Amino acid sequence: MANPELMEKIVSLCKRRGFIFQSSEIYGGLNSCWDYGPLGVELKRNVKNAWWQSVVYERDDMYGQDASILMHPQVWHASGHVEGFSDPLVDCKKCKHRFRQDHLEDSTKCPDCGGELTEARQFNLMFKTFLGPVEDSASIVFLRPETAQGIFVNFLNVATTMRSKIPFGIAQIGKAFRNEITPGNFTFRTREFEQMEIEFFVKPGTDDKWLDYWKEERFHWYVKYGIKQEKLRLRQHAADELAHYAKNCYDVEYEFPFGWSELEGIANRTDFDLSQHAKFSKKNLSYFDEQEKSRYIPYVIEPSAGADRSTLAFLVDAYDEEEERVVLRFHPYLAPIKVAVFPLMRKDGHPEKAREIERMLRPHFHTDYDEAGSIGKRYRRQDEIGTPYCITVDQQTFEDQSVTLRDRDSMEQIRIPISRLLPVLQERLNGIC
Ligand code: ATP
């Protein structure tokens, strides 16, 4: 169910606590562009690391890469983006608002004022710029609208340098740009965003099985990092919804406060991309399967996720309000700050001791130190940004070298010797931080 108030609360928390700011805010902002602040950059980095951890480090059939944003213009002819990467744009003749026709329930009337809409025209979503000092048509290049093509053009490089055997995949995280007609819903749909994409190369005939595998694998990644399962669903594309290159596709969708929306698409792209690049580049992009003693163009399963969209989903899902506090119940791996250290009082050696403890923990966890305001307020401040643990130095610390350790979710406090802090935190945040 739509819940605009919840979204407003999250946007305001993001700004107030340094997660996400509007781009160029002092100049009035730039529509649909957002900046990640000190806490947001940590959260998003943790999301990307969690993805990389699970799809690259924890597997023996995946390689990472990082391709450049600007690519040879032929890439986008081969991929079909120059000719076909467009959305149907309609304008309201009365209020002049613009819409994506395929997002409208009634494609004849303006949803804002009821006015008449123009005929749809195709609007290409790729940003263009010029390479070098001469601004002519020969120097036009595009800002990539997806990271995927950077992987396809490197298929041969990776396969030969890593001596990889099919099935194997290539994973990449990077910026992509789309001149969206109607960006919105905070960071959900923007014109500059980050993708986390895998192209997984398989033998033709095994593609259906691998699509099934990847849709389950990717669905459970979101659950593993804390998203409530009932807020997630897999939706299979209807035949008329499939991209021209796709044989089958599933979306992982999340129930945002503005409704069910796509976090990630898992598509069977067949041999379309490699065949197209082979044709346009005149290079042989086939693979010799030594076991089968046969040569073929691999099929590709593509799990394509948005780093910004999943960060937003993790934020929304973590948000909780209790009588006395707002708490972000992040999975500890994703929490921007893992441990905060407080002196109970700003005297009697408390601050010095608390700083000493923070210094001890700093090489192991991202920490924070806070001495402002009552201890209750300091706990609330950390709850609101999702810090799993708080440590407080008090008078007893000087008697028996112990501190209190407070748990974000249960708010339970235990007394613990300083010498045990590091192993206990390591155990509680075990292998996840
Ligand atoms: P949509 O239908 O929402 O426009 P899409 O189906 O065109 O998305 P894909 O081309 O499958 O999206 O891109 C893969 C992923 O990249 C999406 O699932 C999403 O997480 C992310 N993504 C795509 N476009 C945007 C955008 N404008 N802003 C933020 N993330 C995006």
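Tabulated results
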read-out	value
Single residue of R235, R269 found to be crowded, with 19+ Cβ neighbours inside 10 Å, within 12 Å of the ligand (Cβ to nearest atom) and among the basic types (K, R)	R269
All positions within segment 51-108 that are among the polar types (S, T, N, Q) and under 26 Å from the mean Cα position of the chain (by Cα)	Q53, S54, Q65, S68, S79, S86
Qualifying residue in segment 255-265 (condition: aromatic (F, W, Y) and either away from the ligand (no atom under 14 Å from the Cβ) or surrounded by fewer than 19 Cβ atoms within 10 Å (Cβ to Cβ) (or both))	yes
E352 being farther than 16 Å from R408 by Cα, of a type in the set (D, E, K, R), in a loop (DSSP other than H, G, I, E, B) and more than 33 Å from the chain's Cα centre (by Cα)	no
Helices (runs of 4 or more DSSP H) completely within segment 1-91 that count 1 or more residues being in contact (Cβ under 8 Å) with a residue 60 or more places away in the chain and more than 30 Å from T118 (Cβ to Cβ)	4-16, 38-52, 73-78
Selection count, segment 369-410, where residues are surrounded by 14 or more Cβ atoms within 10 Å (Cβ to Cβ) and without any contact (Cβ under 8 Å) to a residue 12 or more places away in the chain	1
Segment 264-281 residues that are on the phi > 0 side of the Ramachandran plot, paired with ones that are at pLDDT below 95 and within 13 Å of the ligand (Cβ to nearest atom) (beta carbon under 7 Å, 6 or more apart)	T270/Y245
From the options A176, A243, residue that is in contact (Cβ under 8 Å) with a residue 24 or more places away in the chain, farther than 30 Å from G386 by Cβ and within 10 Å of the ligand (Cβ to nearest atom)	A243
Boolean, Y225 is crowded, with 16+ Cβ neighbours inside 10 Å, more than 15 Å from the ligand (Cβ to nearest atom) and either within 15 Å of M196 (Cβ to Cβ) or of a type in the set (D, E) (or both)	yes
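Residue-by-condition table, conditions (1) assigned to a strand (DSSP E or B); (2) within 30 Å of R16 (Cβ to Cβ):
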site: S261; (1), (2): yes, yes
site: I266; (1), (2): yes, no
site: D273; (1), (2): no, no
site: F288; (1), (2): yes, no
site: Q291; (1), (2): no, no
site: P303; (1), (2): yes, no
site: D308; (1), (2): no, yes
site: A313; (1), (2): no, yes
site: H331; (1), (2): no, yes
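The values are calculated or read from the model by the stated rules, or taken from the named source; none is laboratory data. None of these values were measured; they are calculated from a predicted model. Here Cβ is always computed from backbone atoms with ideal geometry, including for glycine, and neighbour counts include all displayed protein chains.
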